[in-house]
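Structure first, then comments.
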Amino acid sequence: MSWKPTVLVFLRARHAYCKRMAKHINPRWTLWVWPLVNVLGVLLLGFLTLDDAIAACQALWEQLWSPSPDADIPPNLDYLSYQGKCTDTQKYWIASNASRTQTINGHGNTQSQHWTGFTTTFEISEEIQLELLSLDSPREQLRLEECLRHPGAWKYVATIPQSNLGGLKDGTYSLYRTIAEEVADTANALLGKANCTGPGVASQLECLSALPAYTLTSLSGQAQTLVIDVATPEFVLNSSKSVATVHLLMGVVRDEGGTATKWPPTTSNFSVFISQEGFNATLVQTAGYSITSTGNASLDIFNASIRVGTDGEWWCVDQATVFARLHSNLFQNIYFYEFDRSYAPTTDTRLCKAPFAPSIFENSKLRSPDNEYFKCHGAQMYYIFGTVGWNGLPLWDENDLPFEQFVVDSWTSLARTHVRNPDPAFLKARGFTNTMRELEVAGRWKTLSADSLTQRELQWPSFEIEFVDVPQCAALGYPTDYYFKN
């Protein structure tokens, strides 16, 4: 025979839970599920005869895949070709049609012929088998002595600090404590609340381990800060020493400060309220923050206070952080972003949800995220993990799904290739047309450079803008070059 097929087996969901997973699972994080219906994955076996292929499937309580109108297989085969694991002309055994054997090639085209009982086989290389059966991580190929000599080179390749706190009020979140400090400040109190102290407790660890998880997580005063695992509580940003080959993505949500800002009383004014929130009112007014009047005094004060809180606790120090890392050559590719479209957690009952859209339908859940609303802390997480639908939440408008896909594709691209922009060939192979169109229309993510301090504004469509509130940050005491002056 001139063609020598391998075996393609689709593992199908047997239980209700699996079927629900297959229906709602994120199309980006799971390699083989989407858009195939009721399918959990793909198993590539070695190159076998048809008889052996059928037997191998039966041993797994499975069967060879059968073509059907609702099974869109080409994207999965395209991805194999993109990875270089198989060629476009590779053929795979699939279920026979009556007395005719069938194969499918890398383009998704099927071919059949009368069964003659042949036993054609084909040898698969050991290298390809390993690639298909393992993560094939290049980190596994490092020699032990290299790992010990340069631990950073194999521990980390990319980092994404999201909504990093610092600045005027919450510097402790960026100033890492020692284990001893964390125990004295937090752990001892938690042990007492869990009744794991005193002479009757032989082992505090065993006492904690015996408690239900819900009991532990319900205790007040949980540890909320990181602890150091090296010799310094801070990362030295104004050093010229390189940090291995690590790529950085950093950014914020536009109105992060709304999380820590209370709703002002109707009798308050901006100066009094901002002082009550822990800021220096004179410094804030000198920085040029002002109130925009909407006719609702409390809303106006709240709006201005959120901007102060976001700049003073997130924006300014994060911009200064990436600026220092850029000019000290501490990282490789550096990207910065701001979410100006967000989906607030269901527990957030403040003004962090897009306004409802006009609709002729009763009880419509459509919203207008293109209109103004507060984009609060944590309201990017559904998009980043692609879990709006997974959490049973409605899409706000027709752009919500492509925006979610673009965010997931951008984040996973950094993890997979360390570059913020997904490879067009990868997007084409996976059938990710929405992200392909977004990059064509909005342009590629830009890396930060000494001549270009820009951020990606994550709306739909997205776009690049220069750093914002730079004069205000300088007036607050956190200029862009803060870490070079301190």
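The values are calculated or read from the model by the stated rules, or taken from the named source; none is laboratory data. What you are looking at is a predicted structure, and each value in this text was computed from that prediction instead of being measured. Positions of Cβ are backbone-derived with ideal geometry, glycine not excepted, and every protein chain shown enters the neighbour counts.
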Worksheet item: Before we move on, is Thr412 in contact (Cβ under 8 Å) with a residue 40 or more places away in the chain and part of a loop (DSSP other than H, G, I, E, B)?
Response: no
Practice prompt. Looking only at the range 279-329, count how many residues are without any contact (Cβ under 8 Å) to a residue 12 or more places away in the chain and among the polar types (S, T, N, Q).
Written response: 5
Item to complete: Tell me, yes or no, whether the range 169-180 has at least one residue that is more than 31 Å from the chain's Cα centre (by Cα) and at pLDDT 80 or above.
Response: yes
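Taking the criterion of being farther than 18 Å from Leu168 by Cα, touching a residue at least 60 places away in the same chain (Cβ under 8 Å) and either in contact with a strand residue (DSSP E or B) (Cβ under 6 Å, 6 or more places away or on another chain) or assigned by TED's automatic domain parsing to the domain that holds Tyr373 (or both), would at least one residue in the range 352-359 satisfy it?
Residues of the range 352-359 farther than 18 Å from Leu168 by Cα: 352-359.
Adding the requirement that they be touching a residue at least 60 places away in the same chain (Cβ under 8 Å) leaves 352.
Still in the running and either in contact with a strand residue (DSSP E or B) (Cβ under 6 Å, 6 or more places away or on another chain) or assigned by TED's automatic domain parsing to the domain that holds Tyr373 (or both): 352.
Yes, some residue in the range 352-359 is farther than 18 Å from Leu168 by Cα, touching a residue at least 60 places away in the same chain (Cβ under 8 Å) and either in contact with a strand residue (DSSP E or B) (Cβ under 6 Å, 6 or more places away or on another chain) or assigned by TED's automatic domain parsing to the domain that holds Tyr373 (or both).
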Discussion item. Among the listed residues Thr447, Thr433, identify the single one that is closer than 24 Å to Arg341 by Cβ, surrounded by fewer than 18 Cβ atoms within 10 Å (Cβ to Cβ), in the same structural domain as Gln405 (by TED's automatic domain parsing) and over 17 Å from the mean Cα position of the chain (by Cα).
Written reply: Thr433
Item to complete: Considering each residue of the range 448-464, count those that are touching a residue at least 60 places away in the same chain (Cβ under 8 Å) and touching a strand residue (DSSP E or B) at 6+ places or on another chain (Cβ under 6 Å), and give that number.
Response: 6
Item to complete: Only residues in the range 198-211 that are farther than 14 Å from Asn188 by Cβ count as the first member; pair them with residues that are surrounded by 10 or more Cβ atoms within 10 Å (Cβ to Cβ) and modelled with pLDDT of 90 or more, Cβ under 7 angstrom, at least 6 apart or cross-chain, and list the lot.
Response: Leu211/Ala194
Response to the item:
When restricted to Gln472, Gln459, the only residue buried (at least 17 other Cβ atoms within 10 Å of the Cβ), in contact with a Gly (Cβ under 7 Å, 6 or more places away or on another chain) and not charged (D, E, K, R) is Gln472
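Here's a check for you: in the range 304-352, which residue that is in a loop (DSSP other than H, G, I, E, B) and of a type in the set (Phe, Trp, Tyr) is farthest from Val419 (Cα to Cα)?
Initially, the range 304-352 is screened for residues in a loop (DSSP other than H, G, I, E, B), giving 328-333, 340-352.
Adding the requirement that they be of a type in the set (Phe, Trp, Tyr) leaves 331, 343.
On the way: Phe331: 13, Tyr343: 26 Å.
Out of the qualifying residues, it is Tyr343.
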Worksheet item: Identify, please: which residue in the range 276-288 is among the small types (Gly, Ala, Ser) and exposed (fewer than 14 other Cβ atoms within 10 Å of the Cβ) and is, among those, farthest from Gly477 (Cα to Cα)?
Response: Gly278
Worksheet item: Got a sec? Which of Leu393, Leu427 is over 16 Å from the mean Cα position of the chain (by Cα), free of Cβ contacts under 8 Å to residues at least 60 places away in the same chain, in a loop (DSSP other than H, G, I, E, B) and assigned by TED's automatic domain parsing to the domain that holds Asn333?
Response: Leu393
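Could you please let me know if Lys485 is more than 24 Å from Tyr156 (Cα to Cα) and not hydroxyl-bearing (Ser, Thr, Tyr)? So that I can check it myself, show each step before the final result.
Numbers: more than 24 Å from Tyr156 (Cα to Cα): yes; not hydroxyl-bearing (Ser, Thr, Tyr): yes.
Judged against the criteria, Lys485 is a match.
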Worksheet item: Looking only at residues in the range 364-390 that are among the basic types (Lys, Arg) and assigned to a loop (DSSP other than H, G, I, E, B), which one is surrounded by the most Cβ atoms within 10 Å (Cβ to Cβ)?
Response: Lys375
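Name the residue that is farthest from Asn105 (Cα to Cα), counting only residues in the range 44-82 that are polar (S, T, N, Q) and at pLDDT 70 or above. Even if it seems obvious, please write down each step before you answer.
Residues of the range 44-82 polar (S, T, N, Q): 49, 58, 63, 66, 68, 76, 81.
Right, trim to at pLDDT 70 or above and you get 49, 58, 63, 66, 76, 81.
Details: Thr49: 16, Gln58: 23, Gln63: 18, Ser66: 14, Asn76: 12, Ser81: 11 Å.
If we take residues in the range 44-82 being polar (S, T, N, Q) and at pLDDT 70 or above, then Gln58 is farthest from Asn105 (Cα to Cα).
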